[in-house]
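Computed from the coordinates by the stated procedures, all read-outs in this text should not be read as laboratory data. The structure displayed is predicted, hence computed values, not measured ones. Counting neighbours? That spans all protein chains shown, and the Cβs are built from the backbone with ideal geometry, glycine included.
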Amino acid sequence: MEWHVEKDRVILRNVTHFNLQQTFECGQCFRWRRLENGNWLGIARGRVVEVEQAGRDIILYNTDQSDFLRIWYGYFDLGRDYGAVQRKLAQNDPVMQEAIAFAPGLRLLKQDFFETLISFIISQNNNIPRIKRIVECLAQNYGRPVVYKEHILHTFPEAEVLGALSEESLRCIRAGYRARYIIRASQQVQELDMEDALERMDSGAVRQVLLALHGVGGKVADCVGLYSGLMPDAFPVDRWVRRVMETLYPGSGTTNEAIAAFARRKFGQLSGIAQQYLFYFARENRIGMDKQGHETDLPTE
DNA sequence: AAACAGGAGCCGG
DNA sequence: CCGGCTCCTGTT
């Protein structure tokens, strides 16, 4: 991949292993939206970007060289050789071969820590359309508006803002019992001033810190760590991943912990990316479900 | 139509 | 280890 800067935009040429739809719709993020012209609009670290996929090129509008290097290069994981990743994962593994073939352009985003934390606290025992609605509602009510063309986007709120809210005032976002978790976790984040510290910890230490937050259990900790780039080897096990593992990797285990351990032995440092290929493949193809949407495997919880 | 099940689970007892 | 939890959607 080469890239060059034009006025107000950055153009990536000869991009491989990068499909915008697969990347934005695989379940790792909740706020990217598709425009009528087919491009995607998103906001991270206070900056709005419009992204176009045009053949083998990817064009980032509303950015410059400085922001590209400071934000988007890392956000889109452009330094990683996904061809090499895929070859390694697919070697002697027909399941991964099929999962990768289903979404070969999926990339793991490095998202803002606090937004990822709150988003995945909201995600528990919830479904994706509703998660998106609640996250967007939080941003519109408590974030800062940023205008781009005819659009008004909102930054994700600061921990200080969410931590100061009452459960009553959060009632309008209809997050249910998760409202309490949002407030308490926000307060803990600002008290601990943890973000810089987390950057210097290894994966296991990050997980321990995350697990101490209200509303964060093992599954949410793994998601937050993985999608904010702090725990690249995490393997979050949810209902979908458990079903796909039980169905396609018989013997991987029955508890979530056993399945995660099996995966980390098998995929090593690439566990996080492997999980994302498997999750998206399983959900889109309803692996382990019958036509009525019921589990075909025996429940293990 | 009203009831029910299930959703990228976690907390408190 | 277990019941309960907010709210919403799809199904019966």
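Looking at segment A:166-232, the chymotrypsin sites (Phe, Trp or Tyr not before Pro) that sit in a DSSP loop and have at most 11 other Cβ atoms within 10 Å of their own Cβ are A:177. Selection among A:11, A:48, A:101 by position relative to the dipole of chain A gives A:101 as farthest towards the positive end (Cβ unit charges, Cα centre). Only the Cβ atoms of Lys and Arg (+1) and of Asp and Glu (-1) were treated as charged; on that basis the dipole of segment A:179-249 about its Cα centre amounts to roughly 460 debye.
What range in chain A is the longest one free of trypsin sites (Lys or Arg not before Pro) that are in a loop by DSSP and have at most 15 other Cβ atoms within 10 angstrom? Of all site-free stretches, the longest is A:201-285. Computed from phi, the 3J(HN,Hα) profile of segment A:272-279 under the Karplus parametrisation 6.51, -1.76, 1.60 (θ = phi - 60°) reads x, 5, 4, 4, 5, 4, 5, 4 Hz, with x in place of Gly and Pro. Under 8 Å for C-alpha pairs, at least 6 residues apart: give me the relative contact order for chain A, rounded to a whole percent. That works out to 15 percent.
With charges set only on the Cβ (+1 for Lys and Arg, -1 for Asp and Glu), what does the dipole of chain A come to about its Cα centre, in debye to the nearest 20?
In total the dipole reaches around 460 debye.
First obtain the Kirkwood hydrodynamic radius of segment A:129-199 from its Cα pairs, then insert it into the Stokes-Einstein equation at 20 °C and 1.002 mPa s, and state the resulting D in µm² per second as a whole number. Rounded to a whole number, D works out at 164 µm²/s.
What's the Kirkwood radius of segment A:15-150 in Å, using all Cα pairs?
Evaluated over segment A:15-150, this radius sits at 16.4 Å.
Comparing chain A with the 2.2 N^0.38 Å rule of thumb, its C-alpha radius of gyration ratio is 1.00 (two decimals).
Please name which of A:275, A:189, A:224 has its Cα lying farthest along the dipole of chain A towards the positive end, using unit charges on Cβ (Lys, Arg +1; Asp, Glu -1) and the Cα centre as origin. My answer, from the dipole projection, is A:275.
In summary, the lysines within cross-link reach of residue A:110, defined as a Cα separation below 27 angstrom excluding same-chain residues under 8 places away, comprise A:7, A:88, A:132, A:149, A:219, A:266. Its relative contact order, with pairs defined as Cα atoms under 8 Å and 6+ residues apart, puts segment A:172-262 at 20 percent.
Using alpha-carbon positions, what is the distance between the centroids of segment A:174-229 and segment A:237-251, in Å? Segment A:174-229 and segment A:237-251 have Cα centres separated by 25 Å.
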